[in-house]
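Heads up, the thing below is written out as structure tokens.
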Amino acid sequence: MSAVPAGKPPRRRRLVYRVYGFVAVLAIAIMAALIFLPRYTRTPRYLEPHAALVQYLIERVSLRSGADRDTVIARIEPRIRGKLSLYDAGGQLLHTKPSTEPPLDPPTEAERRTLRGDKWTLDLDRIVVRSDDSSMFAVYWPDRGGFPWSYVIPLGAAILVLVGVASVWFSRRLVRPLDQLAAAARRFGAGDIAARADLTRADEVGDVGRAFDEMAARTAAVLHAQRQLMGDVSHELRTPLARIRVALELAAEDPIAATDVLADVGADLDEIDQLINDILTTSRLDGEHVKIDREATSVSELVDRATRRFTTRHPGRKLERPADDAPGGDRPIRCDPVLLRRALDNLLDNAAKYSEAGTPVTLAVQPNGASIAFEIVDRGIGMSPVELDRAFTPFWRADGSRARKTGGVGLGLALARRIARAHGGDVTLASHPGQGTTARLEVPLA
């Protein structure tokens with residue numbers, strides 16, 4: 001088998017020829033079976049119509065004698081196609097068809113025994129019939145007809161023409177959407193991410209087209225998210241890097257005057273480090289079977305650390321803890337404390353970003369049997385049902401301009417959910433536009 005040169009598409013073979021060849025061979029095989037098989041595989045029962053005709057003859061002849069018998073035979077005999085001999089009850093030859101030379105053998109003893117109860121006996125190419133009064137027997141050998149070329153050839157030609165027309169119609173109906181799908185795939189592969197097959201057929205070809213469109217839409221969304229990620233990461237890195245550059249330039253010119261600016265360099269580096277860690281952690285937790293390092297950690301310790309970080313990161317913002325909050329004291333939770341605290345921090349940061357500075361954020365802990373839930377409630381702008389459906393998509397943000405103002409690359413909720421699911425839990429959202437958002441992180445206790 002010769003290999004196709006790289007970059008050169010294989011020679012295209014028209015589908016219509018393949019369809020026509022397959023259907024034509026199938027039609028010829030069926031026609032041949034209908035013509036040939038009955039001629040060579042049928043049983044003697046196919047001779048019954050011949051036997052009935054001969055029985056009609058012998059009944060008429062047995063009731064006549066002399067010239068009347070000859071007249072009846074002369075009138076009926078031309079309708080019988082084959083060799084015919086008539087015998088009396090004693091086995092004497094009474095008449096034989098002129099074309100029957102020599103005469104057919106008289107009925108055998110076995111045939112006579114059968115005829116005592118039946119009117120005829122059938123064997124391949126031999127029929128023996130008796131009259132009602134058993135006074136006469138007819139032995140008949142039907143002719144085998146020649147092959148019916150006179151109608152087989154025109155019928156075969158008509159079938160092939162019909163098959164050709166049906167094959168062209170079927171192939172065009174099948175090839176047109178496939179060409180449309182192939183063209184869309186080539187455009188998509190060439191970089192046109194808006195290319196779609198747009199097949200409206202309600203069959204398997206239509207299913208393939210719709211599957212391609214869905215795949216193309218998902219791929220386009222991923223590519224868009226990647227481009228948005230590059231822009232967002234660049235934006236997020238530009239500000240702290242610019243501040244660090246200014247601080248270094250100031251330090252080079254006047255180290256004393258740059259003291260206050262250099263104090264913020266550590267915070268800028270922490271911000272860059274957190275952004276990179278979020279991206280790497282989201283990638284590491286992508287999958288169904290994620291391995292994490294668990295250790296027994298008290299719920300109160302997780303909540304206290306998250307509270308301290310929120311207060312430090314968002315000075316001036318109030319974090320409320322309900323009076324009836326029941327964190328469970330020092331009840332242990334088997335978790336990766338660094339990851340689980342990262343999830344809590346992300347949910348708290350989101351609540352602070354998307355709510356006004358003067359409104360409080362609430363953190364409640366709710367034990368629920370074998371699991372525990374951390375509930376974060378803000379009184380911010382909220383989300384629409386459409387935004388809720390996409391809120392956990394990595395790198396997705398509800399409003400690009402709003403996200404520019406609040407910062408972030410759209411990883412907070414996605415990372416929080418992946419961390420929760422790695423622990424056997426989940427993160428859910430409840431929100432209404434203008435009424436704030438409630439995020440609930442629930443994980444097993446042990």
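The values are calculated or read from the model by the stated rules, or taken from the named source; none is laboratory data. This is a predicted model, so every value here is computed, not measured. Using ideal geometry, Cβ is built from the backbone for each residue, glycine included, and neighbour counts are taken over all protein chains shown. Side chains are part of the model used for accessible areas, which takes the heavy atoms of the whole protein and leaves out ligands, DNA and RNA. Shrake-Rupley method; radii C 1.70, N 1.55, O 1.52, S 1.80 Å.
Taking amide H as placed 1.01 Å from N in the peptide plane, the amide H of residue 82 sits under 5 Å from that of 143, each at least 5 places away or on another chain.
From most to least packed by mean Cβ count within 10 Å, the peptides 430-443, 239-252 give 430-443, 239-252.
Trypsin sites (Lys or Arg not before Pro), restricted to the range 76-177: which are DSSP loop and have at most 10 other Cβ atoms within 10 Å? All intermediate terms of the calculation are to be shown ahead of the outcome.
Numbers: sites: 79, 81, 83, 112, 113, 116, 119, 126, 130, 144, 172, 173; in loops: 81, 116, 119, 144.
Filter output for the range 76-177: 116, 144.
In sequence order, the range 187-202 has phi-based couplings of 5, 5, x, 7, x, 7, 6, 8, 5, 9, 6, 6, 7, 10, 5, 9 Hz under the Karplus curve 6.51 cos²θ - 1.76 cosθ + 1.60, θ = phi - 60°, and Gly or Pro positions carry x.
The range 151-191 and the range 68-100 have their alpha-carbon centroids 60 Å apart.
Please report the net charge: other residues with Cβ closer than 12 Å to the Cβ of residue 208, K and R +1, D and E -1.
Working: positive: 201, 210; negative: 203, 204, 207, 213, 214.
Residues close to residue 208 contribute a combined charge of -3.
When all protein chains stay in place and ligands, DNA and RNA are ignored, the 1.4 Å accessible-area order of 230, 136, 31, 215, largest first, is 230, 215, 31, 136.
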